[in-house]
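Here's the structure we're looking at; comments come further down.
The values are calculated or read from the model by the stated rules, or taken from the named source; none is laboratory data. Keep in mind the model is a prediction, meaning the values are calculated, not measured. Using ideal geometry, Cβ is built from the backbone for each residue, glycine included, and neighbour counts are taken over all protein chains shown. Only protein heavy atoms, including side chains, enter the accessible area calculation; ligands, DNA and RNA are left aside. Shrake-Rupley method; radii C 1.70, N 1.55, O 1.52, S 1.80 Å.
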Amino acid sequence: DTDEALRKKLSLVLEARDYAAQLGLKPDRSFTKYSKVDRDDLLWVISATEKTSFEPYTWWFPIVGTVPYKGFFEKADAVAAGKELSEKGLDIYIRSSPAFSTLGWFNDPLLSTTVKFDEIALVDTVIHEILHNTIWIKNNVPFNETLANFIGARGVEAFFIQKYGADHLLVQQSQARWKEELEYAKFLAETVDALKTLYASCGKEEAASKRMELLTQRKVAWEEAHPGAGRYRSI
């Protein structure tokens, strides 16, 4: 009785699991069950930092160690935590997330918040999260997430090449998304360098007041170079 569109995505997830195993990853029993969540957002994630620094505020948890973010299943809890950090003078960023990984400690289900993705993002997410199941280096979130982003993005491209051939539209779209990821990463790196130069050239109060002007300029530069471009992001 499963809806045909959902049935196709469930089958695609099982194929992506098998492909992840071909890559040497360890799916175990993750993504073998489906769980419907009665809301559009699964959880809310908060990040924070000083206003004129790129040193993140961190939390510590057993197993994973120090991480530069914290997740909440209730939005109100994330907002309350953000208010507390803001009162300490920190910048905060709260975003929603459709998925998370238990890093192989449990068999993660496929969630309805994830299955709504298009085919490329869905396969990417499955490979990304199974990578986390396979390897997680404690106290090194930047490496863990960079590795998962890379394996997910290049893995989905290789998956569709194997499934349909190198000339298929999904392969071309996967390649285009990866290219945009690299372009955006370069843009962010250049923005960080510009901000670091600003922070080093004046005091904290002056830097804090001038940074928004710089960020506005950078945003305009990106939008002019990429008119109408949607930003794709791995979870």
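Within segment 73-82, is even one residue touching a Lys or Arg at 6+ places or on another chain (Cβ under 9 Å) and either more than 26 Å from A185 (Cβ to Cβ) or in contact (Cβ under 8 Å) with a residue 24 or more places away in the chain (or both)? Walk me through it before giving the result.
Step one: of segment 73-82, the residues touching a Lys or Arg at 6+ places or on another chain (Cβ under 9 Å) are 78, 81.
Next, from what is left, pick out any that are either more than 26 Å from A185 (Cβ to Cβ) or in contact (Cβ under 8 Å) with a residue 24 or more places away in the chain (or both): 78, 81.
Within segment 73-82, one or more residues are touching a Lys or Arg at 6+ places or on another chain (Cβ under 9 Å) and either more than 26 Å from A185 (Cβ to Cβ) or in contact (Cβ under 8 Å) with a residue 24 or more places away in the chain (or both).
Return the residues of segment 211-229 that are open to solvent by 90 Å² or more (accessible area, probe 1.4 Å) and either at pLDDT 90 or above or part of a helix (DSSP H, G or I) (or both); say none if nothing qualifies.
M212, E213, Q217, K219, E223, E224 - these are the residues of segment 211-229 that are open to solvent by 90 Å² or more (accessible area, probe 1.4 Å) and either at pLDDT 90 or above or part of a helix (DSSP H, G or I) (or both).
Rundown of residues vs (1) modelled with pLDDT under 95; (2) not charged (D, E, K, R), yes/no style:
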position: W105; (1), (2): yes, yes
position: D118; (1), (2): no, no
position: I137; (1), (2): yes, yes
position: F150; (1), (2): no, yes
position: A158; (1), (2): no, yes
position: L170; (1), (2): no, yes
position: L182; (1), (2): yes, yes
position: C202; (1), (2): yes, yes
position: E206; (1), (2): yes, no
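On the given criteria, is T114 touching a Pro at 6+ places or on another chain (Cβ under 9 Å) and under 24 Å from L23 (Cα atoms)? Show your work before the answer.
Working: touching a Pro at 6+ places or on another chain (Cβ under 9 Å): yes; under 24 Å from L23 (Cα atoms): yes.
For T114, the condition - touching a Pro at 6+ places or on another chain (Cβ under 9 Å) and under 24 Å from L23 (Cα atoms) - is met.
What tally of residues in segment 150-201 results from selecting those that are in contact with a helix residue (DSSP H, G or I) (Cβ under 7 Å, 6 or more places away or on another chain), without any contact (Cβ under 8 Å) to a residue 12 or more places away in the chain and open to solvent by less than 80 Å² (accessible area, probe 1.4 Å)?
2
What strands (runs of 3 or more DSSP E) lie completely within segment 1-113 and have 2 or more residues being open to solvent by 70 Å² or more (accessible area, probe 1.4 Å), under 30 Å from A207 (Cα atoms) and hydroxyl-bearing (S, T, Y)? Spell out how you get there, then give the answer.
On the way: elements: 43-50, 59-61, 65-67, 70-72, 90-97.
Of the strands (runs of 3 or more DSSP E) lying wholly inside segment 1-113, none has at least 2 residues that are open to solvent by 70 Å² or more (accessible area, probe 1.4 Å), under 30 Å from A207 (Cα atoms) and hydroxyl-bearing (S, T, Y).
Under 8 Å by Cβ, and 6 or more places apart or on different chains, what pairs join a residue from segment 26-46 that is on the phi > 0 side of the Ramachandran plot with one that is assigned to a loop (DSSP other than H, G, I, E, B)?
Going by the 8 Å Cβ cut-off, the qualifying pairs are D28/G104; D28/N107; F31/D108; F31/P109.
Check F117, F150, F159, F143 and return the single one that is in a loop (DSSP other than H, G, I, E, B) and among the hydrophobic types (A, V, I, L, M, F, W, C).
Numbers: F150 fails: in a loop (DSSP other than H, G, I, E, B); F159 fails: in a loop (DSSP other than H, G, I, E, B); F143 fails: in a loop (DSSP other than H, G, I, E, B).
Criteria check complete, one pass: F117.
Out of the residues in segment 47-86 meeting the condition of being farther than 19 Å from R211 by Cβ and small (G, A, S), tell me which one is modelled with the lowest pLDDT. Explain how you work it out, then say what you get.
Our first condition is that a residue be farther than 19 Å from R211 by Cβ; within segment 47-86, this holds for 58-84.
Those still in the list that are small (G, A, S) too: 65, 71, 76, 78, 80-82.
Working: G65: 90, G71: 94, A76: 96, A78: 97, A80: 97, A81: 97, G82: 96.
Once the filter is applied, the top-ranked residue is G65.
Within segment 133-149, track down each residue that is open to solvent by 20 Å² or more (accessible area, probe 1.4 Å), within 13 Å of L25 (Cβ to Cβ) and within 13 Å of the chain's Cα centre (by Cα).
Selection gives L147 alone.
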